[in-house]
1. Can you tell me which residue within the range 155-175, out of those that are buried (at least 21 other Cβ atoms within 10 Å of the Cβ) and within 21 Å of residue 185 (Cβ to Cβ), is farthest from the ligand (Cβ to nearest atom)?
2. Go through the range 77-151 and tell me which helices (runs of 4 or more DSSP H), entirely inside it, have 3 or more residues that are within 15 Å of the ligand (Cβ to nearest atom).
3. If you scan the range 333-354, which residues turn out to be farther than 28 Å from residue 213 by Cβ and in a helix (DSSP H, G or I)?
4. Residue check, residue 75 against (1) assigned by TED's automatic domain parsing to the domain that holds residue 206; (2) at pLDDT 95 or above; (3) in contact with a strand residue (DSSP E or B) (Cβ under 7 Å, 6 or more places away or on another chain), all met but one. Which one?
5. In the range 201-227, which residues are more than 16 Å from the ligand (Cβ to nearest atom) and surrounded by 24 or more Cβ atoms within 10 Å (Cβ to Cβ)?
6. Out of the residues in the range 355-384 that are in a loop (DSSP other than H, G, I, E, B) and at pLDDT 95 or above, state the one that is surrounded by the fewest Cβ atoms within 10 Å (Cβ to Cβ).
7. In the range 238-270, which residue that is farther than 26 Å from residue 68 by Cα and in a loop (DSSP other than H, G, I, E, B) is farthest from the ligand (Cβ to nearest atom)?
Ligand code: PMP
């Protein structure tokens with residue numbers, strides 16, 4: 001035990017020395033635009049609840065009704081006795097909204113990426129992942145006996161160069177549509193064209209596009225080619241929890257049989273399923289909220305850049321202030337908190353070396369006053 005503790009302490013000390021130690025903060029109450037920590041109310045710019053749906057009355061009402069009807073848990077896997085009818089309603093809604101033959105709900109986005117990519121490796125897949133893909137994608141691709149490589153971020157020329165070198169028949173291009181930490185957007189049309197030309201399949205993670213982008217708010221990719229697999233989450237813009245795959249019918253059947261993160265896990269609680277279903281009803285109608293959210297994000301970016309900060313290639317509701325240095329990122333995060341604004345410093349390895357940052361995520365329910373306050377505090381820090 002002593003040896004183990006020493007090993008742990010050595011690793012943690014290394015992280016602490018690099019100003020990289022992750023620590024949990026206790027939260028008393030949470031909303032998309034407000035957070036209560038140690039009894040202090042702060043404006044929250046660190047939530048992925050992009051539409052504020054986690055507090056929406058319809059989601060709450062449906063969740064409560066589902067508890068009354070079914071109970072709080074569904075203690076079995078879907079393949080055993082947990083496949084509540086709610087699942088099928090959600091899946092047919094997702095397939096309709098995404099324009100795919102089928103859809104499959106998973107417990108979490110992390111589990112989805114990990115286990116779907118692992119399952120695809122049983123079809124001799126070789127993965128070409130964007131360098132900035134989420135950890136769950138990279139881990140899933142790594143489970144494929146190293147049949148993967150990474151292309152320079154959003155760089156079609158680099159992707160082409162790598163594809164030219166690979167003669168495998170089942171090549172998969174893997175990307176996020178809206179990147180979680182940089183808030184920039186993948187060149188989806190170019191990727192679709194390239195995939196067609198080179199006979200590749202596409203795997204697109206829409207976690208941060210869901211709720212915010214697309215005609216019906218369900219992301220940037222719809223009516224995809226049959227060989228495309230789209231992944232999305234319900235725990236961000238949908239205000240609930242869980243994830244989905246939208247794909248062809250044969251792919252769905254394949255995943256039900258081969259995706260370990262689907263097979264060997266407990267079904268989602270009924271309240272979660274009911275709130276997802278409610279979110280899917282509301283999101284297509286929230287056109288003006290989406291437009292306003294993206295306009296506010298653009299205005300915030302402009303203001304932040306005018307102060308002198310660098311927001312990189314952000315083009316969405318995720319606006320990162322790139323600082324490069326861990327200490328600087330931590331110091332700005334602390335200053336913001338002292339001034340009643342909550343935004344976390346994001347450091348390597350979550351983001352690449354020397355790109356520590358403050359990640360700001362906006363929600364449709366932030367007020368103009370919230371945004372003005374943020375800009376004022378940032379301006380004061382920059383001037384100090
Ligand atoms: N993909 C991306 C791009 C993400 O940002 C996240 C969550 N941070 C996930 C997948 C995982 O989703 P979940 O939180 O539902 O596990």
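The values are calculated or read from the model by the stated rules, or taken from the named source; none is laboratory data. These figures come from a predicted structure and were not determined experimentally. Backbone-built Cβ (ideal geometry, glycine too); neighbour counts: all protein chains shown.
1. Among those residues, the one meeting the criterion is 159.
2. Working: elements: 85-98, 109-120, 135-142.
So the answer is 109-120, 135-142.
3. Taking the range 333-354 first, the residues farther than 28 Å from residue 213 by Cβ are 334-335, 337-340, 353-354.
Once the filter is applied, which keeps residues that are farther than 28 Å from residue 213 by Cβ and in a helix (DSSP H, G or I), the range 333-354 yields 334, 335, 337, 338.
4. Failing condition for residue 75: (2).
5. Passing the criteria: only 217.
6. Of all residues in the range 355-384, those in a loop (DSSP other than H, G, I, E, B) come to 355, 362-367, 384.
Of the ones still in play, those that are also at pLDDT 95 or above are 355, 362-367.
Details: 355: 20, 362: 26, 363: 26, 364: 24, 365: 19, 366: 26, 367: 11.
Result: 367.
7. 248
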